[in-house]
Amino acid sequence: MHNHDLNRVNFFSKEDMAVGYQLSKGEHILRQETLSNYTDINDILELYNIKKYIDNDLYLRDWLQEDIEDFKNKVIEYEKIIGQFMSKIDDNNIMNFYEKTLHDYISSFWEIVNNQKVFKQISKSNFSSILSNESHLIHVILKHKALVKHYDAEIKSFLLTYSQSAEILLSIYEVQDNFGRVQMFIPKSLTIEDKENIVSTYLDSNNVNLNYIGLIQNVRNGTNFRISDKTRLKAKRLYKSETEKVFTENSGMKYGVSISFPENASKIKDGFIDENHIVHYTYSLDFIKQNNDPYILFQNFKYLFEYIDNQNRISLVSKKNQMGVFDRFIGVHSQNEYRGGIAFSLSEQTSHIQIFSYSKILSKLDISLENILHFVFTNVFQEKYVFADNARFSIPTATSYFEKVRLLAPEFESALKQFKLFVEDGNIDFELLQMSSAPTAIRDIPSLNDKKYIYLNEKNEVMVSCSNLFFSDQTLLAYVEPYREEKYHTFFDLLTNKRVKFSNYEDHQKAQLTYLIDNGYISIDNNDFIQIANPARVLILKDLNDNEVGSYYHYPTDIQQEAQKMGVENIINFESTLFSKPEQAYFNYFLNKSEFTNGLDLRNSYLHGTQAHPDELEKHEYAYFTYLKLLFLAMLKIDDDLMIAHVIKIENKVGK
């Protein structure tokens, strides 16, 4: 058992908020002469931690420059003292020294052992003994490449029996790192088969974590880590049973969606949330009956169900800004998964029930969703935008959902391929289309319009920082007197609702304000009030923060002009595709596993016959309406693209 001593100095990181507190504990050591002889391992490790502060240019505010220079010279002496002491550690005294090491200095101890190659003086049997007595130590050891290499066989043997080895492997190869954790290393002798055996044994144990089980069933196989289908299936079944157990034992927060189409409704659409967290949407049945033109019925997915927003971006996609802190940081998530959250789950429930119930309502009017798609793609687009007059869309004639999906899926692929050929060649050559049976990647479908979408240039660190200062709910700029109690979540929200004085901010906040001033985003007027200096530019940044993409041609002229300037200044990037990047990710999540390991893989499962059994009606019903939803979304995007090209063509004619 390692003792604790809270009076000792500990270095955590350069960014740690306790820098001042920790340095104040070590100041008296820096100001006194070094000893001629050190016998306590913890004195040495404390010198090591003090040295790390000075090496990282971290000082107390009241230190004079001559103090700092003196301390810099002092830690050079520390380095020699540390090296001389640690060089005397060997197999005869390692157990004694290590047992006396304070708990908070264990990481520092092994860091020095690694960096100064002290491990060469420690036998493998003693190392194994230490590791077996303190199994949690493996999380420290694996951070040091030289240690892992030297004790390869011993660490491998340990990992093969350690109960948390599977979680360690998944943390290295699969888990998304939101906190910049230190890299971990695995013994080279641990084979692919060893790693899978560790995972399989973990699934058989009584000490499993539901989050990690979910990761195992969707692991992306790579060069150094692969999971077989048999192990995935074991994880899938275990995840289902454990999840059912959780929901049986814990009620948790419940939420849901209700959709209805009443007659004699006072509003075309309406909604409210009841006390049980159920969201109720109502849509006027009279409106639908009276406006039964196929194109209007098609447009209901925009104006009634809001599948797309006012810029004709798909509104169903998962957005980072809609995830709370819990969604973003709590739990274990794969770096290769499609991240949703509560807002996304509710949106998916809503959109699915909308299209399902809409289909039932229309069927009573002797109208099918497939007929609407057929009419729009083969008639409306030609009449409104001069689309190819030979475009085809076949209506499935099957009765079971299983057969309908198998017929509908190829029509989805065909429609996208037809549009792609039309953009590239101005016409649809079906003989050319039939030359390849491979599906077209969603990202490869082009747009008729140049510079259709804009994205924030993530490599422009200055602009990313400015955007975060304006719109992040983690910044403290929204927290200022006299508005602290009004709970504005972002600096932008505060500025657009209140008049805020520069002088009201604390000194440590003014540095961030000065950064925004220097980069031309805010200014201070003669009365000390903060003003947004370039509203057009800030509005674009807000749009990109909220939606991760902007649709250039849906911006007003003055905003378009500002976007052009931002492109020249390398603040934003332009791209020309039918689907924006968030939309591409959304489609890929449902259709395949090319991008996300937790994708539903509908396209491949029905193409290769690995879908659910025909008798599993609910699964095929879900797949069918999901495909219908994706088809309507694709048609709405094509409609938008054709409309933009049509308007530009008319404007060019008028301009001439």
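The values are calculated or read from the model by the stated rules, or taken from the named source; none is laboratory data. These figures come from a predicted structure and were not determined experimentally. Ideal geometry is used to build each Cβ from the backbone, glycine not excepted, and the neighbour counts take in all protein chains shown. We work out accessible area using only protein heavy atoms, side chains counted, and drop any ligands, DNA or RNA first. Shrake-Rupley method; radii C 1.70, N 1.55, O 1.52, S 1.80 Å.
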Which pairs do you get when a residue that is of a type outside the set (Lys, Arg) and at pLDDT 95 or above, found in segment 256-269, comes within reach of a residue that is open to solvent by 80 Å² or more (accessible area, probe 1.4 Å) and outside any loop (DSSP other than H, G, I, E, B), reach meaning Cβ atoms under 8 angstrom, with the pair 6+ apart or on two chains? none
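With touching a strand residue (DSSP E or B) at 6+ places or on another chain (Cβ under 9 Å) and buried (at least 21 other Cβ atoms within 10 Å of the Cβ) as the only criterion, which of VAL219, VAL199 stands out?
Working: VAL199 fails: touching a strand residue (DSSP E or B) at 6+ places or on another chain (Cβ under 9 Å).
Going through VAL219, VAL199 in turn, the sole match is VAL219.
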State whether one or more residues within segment 32-40 are open to solvent by less than 10 Å² (accessible area, probe 1.4 Å) and not aliphatic (A, V, I, L, M). no
So, restricting to helices (runs of 4 or more DSSP H) that lie completely within segment 459-565, which ones have at least 2 residues that are under 30 Å from the mean Cα position of the chain (by Cα) and over 25 Å from GLN322 (Cβ atoms)? 507-518
Which one of the conditions (1) farther than 26 Å from LEU137 by Cβ; (2) touching a Phe, Trp or Tyr at 6+ places or on another chain (Cβ under 6 Å); (3) among the aliphatic types (A, V, I, L, M) does LEU64 fail to meet, given that it meets all the rest? (2)
Take the residues in segment 180-199 that are without any contact (Cβ under 8 Å) to a residue 12 or more places away in the chain and part of a loop (DSSP other than H, G, I, E, B); name whichever of them is nearest to the chain's Cα centre (by Cα). GLY180
Hey, TYR553 hits all of (1) open to solvent by 50 Å² or more (accessible area, probe 1.4 Å); (2) in contact with a Ser or Thr (Cβ under 8 Å, 6 or more places away or on another chain); (3) of a type outside the set (Val, Ile, Thr) but one; which does it fall short on? (2)
Limited to segment 204-252, what total is found for residues that are out of contact with any helix residue (DSSP H, G or I) (no Cβ under 6 Å at 6 or more places or on another chain), part of a helix (DSSP H, G or I) and modelled with pLDDT of 90 or more? 5
Set GLU575, GLU548: member being at pLDDT 95 or above and in contact with a strand residue (DSSP E or B) (Cβ under 6 Å, 6 or more places away or on another chain): GLU575
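Residues that are modelled with pLDDT of 90 or more, open to solvent by less than 30 Å² (accessible area, probe 1.4 Å) and under 30 Å from ASN211 (Cβ atoms), at least 2 per element: which helices (runs of 4 or more DSSP H) completely within segment 312-413 meet that? Spell out the reasoning first.
On the way: elements: 325-329, 342-364, 369-375, 381-385.
Helices (runs of 4 or more DSSP H) meeting the threshold: 342-364.
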Across segment 136-155, which residue is least open to solvent (accessible area, probe 1.4 Å) among those that are touching a helix residue (DSSP H, G or I) at 6+ places or on another chain (Cβ under 8 Å) and closer than 22 Å to ASN206 by Cβ? ILE138
Quick one: would you say LYS14 is among the charged types (D, E, K, R), surrounded by 11 or more Cβ atoms within 10 Å (Cβ to Cβ) and modelled with pLDDT of 95 or more? no
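Okay, residues lined up against (1) modelled with pLDDT of 95 or more; (2) polar (S, T, N, Q):
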| site | (1), (2) |
| --- | --- |
| TYR48 | yes, no |
| LEU58 | no, no |
| ASP62 | no, no |
| GLN65 | no, yes |
| PHE85 | yes, no |
| ILE89 | yes, no |
| ILE106 | yes, no |
For segment 83-110, how many residues are hydrophobic (A, V, I, L, M, F, W, C) and more than 43 Å from the chain's Cα centre (by Cα)? 6
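Please verify whether SER437 is of a type in the set (S, T, N, Q) and touching a residue at least 24 places away in the same chain (Cβ under 8 Å), treating the condition exactly as stated. Steps first, please.
Details: of a type in the set (S, T, N, Q): yes; touching a residue at least 24 places away in the same chain (Cβ under 8 Å): no.
Taking the combined requirement at face value, the residue does not satisfy it.
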When ASP43 is run through (1) at pLDDT below 95; (2) open to solvent by 20 Å² or more (accessible area, probe 1.4 Å); (3) part of a helix (DSSP H, G or I), the failure sits at (1)
Quick check on VAL148: is it part of a helix (DSSP H, G or I) and either at positive phi or not acidic (Asp, Glu) (or both)? yes
Just name the residue that is surrounded by the most Cβ atoms within 10 Å (Cβ to Cβ) out of those in segment 439-493 that are closer than 30 Å to SER605 by Cα and touching a Lys or Arg at 6+ places or on another chain (Cβ under 7 Å). ILE445
Whether any residue in segment 168-178 is open to solvent by 30 Å² or more (accessible area, probe 1.4 Å), over 25 Å from GLU337 (Cα atoms) and in contact with a Leu (Cβ under 9 Å, 6 or more places away or on another chain) is what I want to check. no
Mind listing whichever residues of segment 420-457 are closer than 20 Å to GLY520 by Cβ and at pLDDT below 95? none
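Open to solvent by less than 70 Å² (accessible area, probe 1.4 Å), under 22 Å from SER13 (Cα atoms) and touching a residue at least 12 places away in the same chain (Cβ under 8 Å): does that describe PHE158?
Details: open to solvent by less than 70 Å² (accessible area, probe 1.4 Å): yes; under 22 Å from SER13 (Cα atoms): no; touching a residue at least 12 places away in the same chain (Cβ under 8 Å): yes.
No: the conditions fail for PHE158.
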Hey, can you tell me all the residues within segment 54-102 that are within 20 Å of GLY26 (Cβ to Cβ) and part of a loop (DSSP other than H, G, I, E, B)? ASN56, ASP57, LEU58, TYR59, LEU60, ARG61, ASP62, TRP63, LEU64, THR101, LEU102
